[in-house]
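First comes the structure, then the notes that go with it.
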Amino acid sequence: MLSTRNLLLRPKLKNRKQALKTVSRRRNSFAKKSKYESGKRAVRIDFTGEEDEEKHEQVGVDEEDVAFSLKGSARSHSHGVQPLGNLYFTPSSVNSRDVGLGNLKTLTDELILDVLGLLSGAELRILSTVSKSFYVFCSHEPLWRNLVLDMHKNGFIFNSSWKNTYITAYNNPFTAVNSGIRVRDFYSDYLFQSWLCANLEMKPEWLDRDNIVRKRGISVDEFVLNFEEPNKPVLLEGCLDNWPAMRNWDRDYLIRVCGEARFSAGPVEMKLEDYFRYSDQVREERPLYLFDPKFIDKVPQLGEDYEVPSYFDEDLFGVLGKDRPDYRWIIIGPAGSGSSFHIDPNSTSAWNAVIRGSKKWILFPPDVVPPGVHPSPDGAEVACPVSIIEWFMNFYGATKSWKKRPIECICRAGEVIFVPNGWWHLVINLEDSVAITQNFVSRRNLLNVLDFLKQPNASALVSGTRDRVNLHDKFKNAIETAFPGTLDELMQKAMEKKKKQQLSYWDSVTDSKVGAFKFSF
Amino acid sequence: MATSSSNTNKADHSKNPPLTLRSSDGKELKIFRIVAQQSSTIMNLLDLEEESNTDVIPVSEVDGSTLEKLIELMNNHTEKSFNYLGVKERKKFYNDFFANWKILDVLNFGLVANYLGVQVIFDEACQKMADMIKSKSVEWVRKVFEIKNDFTPEEEEDLKKENKWAYERGDLDDGDDAI
């Protein structure tokens, strides 16, 4: 499963820049549309400037029906940041952003934030008094989020915003006093986009397609034959009916049972109660995701409340005992949290069971790189747009016109999805969700895993184990000891298979002339 | 003209002749390929051209003296001794490099590094700017960057209250040194 490091809010500048390059092109086109097109097609966002927490606004309607709707509880941007396009509708055409930056105004917003990101909280607050423009920049929530997470590795008490959280944690006598400064006439695509992505709702058309195969009550052999062997995803129903977790895991129970235990959420470890306090209040582009591989060590009771569905019983990394890589996680997160496109490490397969809530899944087979995703040649780094919502806004549409459509579904409480090894996948929680996921190696993907571990850069790619370098040899030896002859048997089978034509997944599905040589794009 | 550092591998000189960059004001500066690898912009440009046809690469966004300083710093980075510097020594190195620079020059330098895609130098320039701003007062910032205070007096009062805790740090510097 994706290491929590990849979900970090503060990616290395290099990756963020790559990500931003993709993004800012899109953002510019967002603004350009308004500038060059006639009033009819231009995007217009109206802000009345009143802070009405319950307002549900229609933001930006153009002829291609790209209406975005905001979450019902979205506050109109408290600092009045508007997208650059709106500047062209104002009679005065004055941008307080530029006025307040002086000769820094030629810098991009990202550059300014890069420098501000190196300052302390006190310094930011002092700078915020320089001008209204500085006030807006210095109030940018991600800056304060980084400060809080750097300072409070053992958890934090979230208090309505990251800025407030920092202040109340920093200095108890000072309760957060909000000056209520209202800045009008501040236009910036970057800052607006950040707020927009934090407050967008998932559009219905992003959720409509559900083309995964669903099965209920099939045998293990059927599963292996029809799905695991051919490496196809499937959604299994009815496997979780006997799980105590399905009955018990509501908030009160979890908080009580977990007590003082601290779970990994991004770069910090925090108590469950504190995490819920955060996830209930926060509204941001990439919420912190609680993702802990040691949850059973920390709270053994949680391990009693579920059992691995019989389809996934075979768990060959188990032969390594304590040396095995991380393999099971509890996943808790609010709507909007999730994982952007990735392939699970170590070439393992995975299952993901939703206990509460629901998740939207998008899966692409191993040979199809999703739109907007740019893996480095060795696969060690993946550059993606900043957030999952942004991917949906900018790239989901492309999947409609592609011949190679992704597998999509919504996985609800009580359902389990099987993610075959090597498949790209993206997940977003549609509501507060609690899930369990495990990665596994069975005889079907054993050879893949060994091949993966043999690679020269495997020690960099392998996640979740202390002794990365020797994992291949260790694993191979342990398998030979526990299941002598298995490896030879599997390798022989693989040789025989190779002799037949190798078709990619899509060819086998879309072309009836099985066996004909095909190019795959 | 920028000279290559004497520690650069002699083999590179003969295999790969230096590239020539031309600044906005017409200055032509030589840079060895191994040094130029630090610039993702230059590397991207080279990808687009055939090996034999790399004449002069125009860098029209950058003036001659800044480009010269940047190449000097990039040369330093390729020296073998540089890689062995510890964290403190690296910090001292960059402090010395930026000593007595005015903040607007650091800013300009950072923008050039950004344009040429030299990540390490860009990061160091940002850090230097942050360090320079850290101890300065609001008045200093406004003066240096020519910013007009657009808060009303009432808003200023509100801000003071909101930020009371931040001012506990002590007196701030109004000095002109970096203008």
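Of note:
- Among the listed pairs A:LYS298/A:LYS322; B:LYS69/B:LYS136; A:LYS359/A:LYS400; A:LYS215/A:LYS500; B:LYS69/B:LYS128; A:LYS215/A:LYS359, those beyond 25 Å (Cα-Cα): B:LYS69/B:LYS136; A:LYS215/A:LYS500
- P(r), alpha carbons of the stretch A:307-412 - 5 Å bins starting at zero, rounded %: 2, 9, 17, 20, 20, 16, 10, 4, 1, 0
- Interface residues of the stretch B:104-122, defined as those with an accessible-area decrease of at least 30 Å² between the chain by itself and the complete set of protein chains (probe 1.4 Å), are B:LEU107, B:LEU111, B:ASN114, B:GLN119, B:PHE122.
- Sorting A:GLU304, A:GLU496, B:GLU162, A:GLU269 on solvent-accessible area from highest to lowest, probe radius 1.4 Å, gives A:GLU304, A:GLU496, A:GLU269, B:GLU162.
- Fraction of alpha-carbon pairs over 28 Å apart in the stretch A:85-225 - percent: 39
- Over 25 Å (Cα to Cα) - which of B:LYS30/B:LYS92; B:LYS102/B:LYS164; B:LYS134/B:LYS161 fall in this group: B:LYS30/B:LYS92; B:LYS102/B:LYS164
- Loss of accessible area when A meets B, both sides summed, Å² nearest 100, probe 1.4 Å: 3400
- In the stretch B:136-152, comparing the full protein assembly with the chain on its own, the residues that lose 30 Å² or more of accessible surface at a 1.4 Å probe are B:VAL138, B:VAL141, B:PHE145, B:ILE147, B:ASP150, B:PHE151.
- Positive-pole candidate from B:LEU107, B:THR152, B:ASN75, dipole of the stretch B:32-154, charges at beta carbon: B:THR152
- Only one residue of A:THR165, A:GLY155, A:GLY121 has its Cα farthest out toward the positive end of the dipole of the stretch A:92-218, where Lys and Arg carry +1 and Asp and Glu -1 on Cβ, and that residue is A:GLY155.
- For the stretch A:284-324, the ratio of Cα radius of gyration to the globular rule of thumb 2.2 N^0.38 Å stands at 1.57.
The values are calculated or read from the model by the stated rules, or taken from the named source; none is laboratory data. From a predicted model like this one, the values you see are computed outputs, not experimental measurements. Note: ideal-geometry Cβ built from the backbone for every residue, glycine included; neighbour counts use all protein chains shown. These area figures cover heavy atoms from the full protein model, side chains too; ligands, DNA and RNA do not enter into them. Shrake-Rupley method; radii C 1.70, N 1.55, O 1.52, S 1.80 Å.
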